[in-house]
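For reference, the structure discussed in these notes is given below.
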Amino acid sequence: MVAASIGQRIDRIRDRIRLACERSGRDPSAVTLIAVSKTFPVETVLEAHAAGLNDFGENKAQEFAAKHEYVEARRPGEITWHFVGHLQRNKVKLVAGRAHLIHSLDSPRLARSLQDFAEANDAELECLVQVNVSGEESKFGLDPDRLQPFLAEVREFDRLRLKGLMTLASPVEDDARLRREFVTLRRLNEIAGNTIDSMRYLSMGMSADYELAVEEGATHLRVGTSLFGPRPT
Ligand SMILES: *Cc1c(COP(=O)(O)O)cnc(C)c1O
């Protein structure tokens, strides 16, 4: 069997997103497919862009900055860049100013560093707050019960635009459980949105679970393997 081309994979995923939208009465234009290109070479990013993808995500600061620089030199302004991985404070300068949306704000100290960067560069930074709804110890993200105090604390950071929430669901094939986790994130975002108007985005759903995530309200899907195949090791 001949391996599917990137274009065919994109079509297949878009079809599934559309069907999930139909099942849940949603508008497909409200769902952004982010291609998570981590570990793949820049040529893969350019190829996927040529095949019709405009949103790309990376999870390591150095790799993100290098790919951003390379691609922007060739396709200036054509791509919306997402940073989806854990962000250390000493890497803020590599990521902020390059990412259109940082998905992984998860501590007041990181918020402070981002605010400082934004003030120094006279910028505003769009961020999602990462929440650990699966409760796995290994995951980054705030505990759900820390979200409200966190939001109260970061409201003083006037350079940060909080756009919503992000999560990684449990790595299980248990649809009911995954759905519960996505619903939890949606409800947390609804509550947050009552006080912070800009909180509308839900970044949830990856290769294994993006259709469920769409059904439960995801606005940003972070898909790697289903687009690019298994990651080189
Ligand atoms: C790698 C990664 C993804 C994509 O995972 P796939 O299972 O390959 O689709 C999504 N989100 C984050 C934060 C990642 O690090």
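The values are calculated or read from the model by the stated rules, or taken from the named source; none is laboratory data. For clarity, every value in this text was computed on a predicted model and none was experimentally measured. Neighbour counts run over all protein chains shown; Cβ positions are idealised from the backbone, glycine included. Side chains included, ligands, DNA and RNA excluded: accessible areas come from the protein's heavy atoms. Shrake-Rupley method; radii C 1.70, N 1.55, O 1.52, S 1.80 Å.
Numbers below:
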| quantity | calculated |
| --- | --- |
| Those GluC sites (Glu not before Pro) in segment 61-113 that DSSP places in a loop and that have at most 12 other beta carbons within 10 Å | 78 |
| Choice from 85, 135, 25 showing the highest fluctuation, given a GNM over the chain with Cα pairs closer than 10 Å | 25 |
| FRET E, pair residue 50, residue 173, Förster distance 45 Å, beta-carbon r, rounded to 0.05 | 0.85 |
| Spin-label pair residue 119/residue 100, simplified geometry with 7 Å Cα→Cβ offset, distance in nm | 2.9 nm |
| Within a Gaussian network of the chain (alpha carbon springs, distance under 10 Å), most fluctuating of 108, 144, 76 | 76 |
| Difference of contour (0.36 nm per residue) and Cα-Cα distance, residue 207 to residue 80 | 43.7 nm |
| Segment 183-199 versus segment 1-72: alpha-carbon centroid distance in Å | 26 Å |
| For segment 1-159, with +1 on Lys and Arg beta carbons and -1 on Asp and Glu, the positive-most of 73, 144, 99 along the dipole | 73 |
| Cα lying deepest toward the dipole's positive end in segment 72-178, options 88, 167, 134, charges on Cβ | 88 |
| Å² per residue, accessible surface of the chain at 1.4 Å | 49 Å² |
| Sites matching GluC sites (Glu not before Pro) across segment 99-141 that sit in DSSP coil, with at most 11 neighbouring C-beta atoms within 10 Å | 124, 137 |
| Farthest toward positive dipole pole in the chain [+1 Lys/Arg, -1 Asp/Glu at C-beta], among 10, 198, 34 | 10 |
| Under 14 Å from the residue 183 label point (7 Å along Cα→beta-carbon), backbone N, segment 132-176 | 175-176 |
| Solvent-accessible area, 1.4 Å probe, carbon plus sulfur percent, for segment 42-82 | 47 percent |
| Portion, in percent, of the accessible area of segment 85-222 that falls on carbon or sulfur, probe 1.4 Å | 44 percent |
| Residue of 104, 138, 170 that the Gaussian network model of the chain assigns the largest fluctuation, springs spanning Cα pairs under 10 Å | 138 |
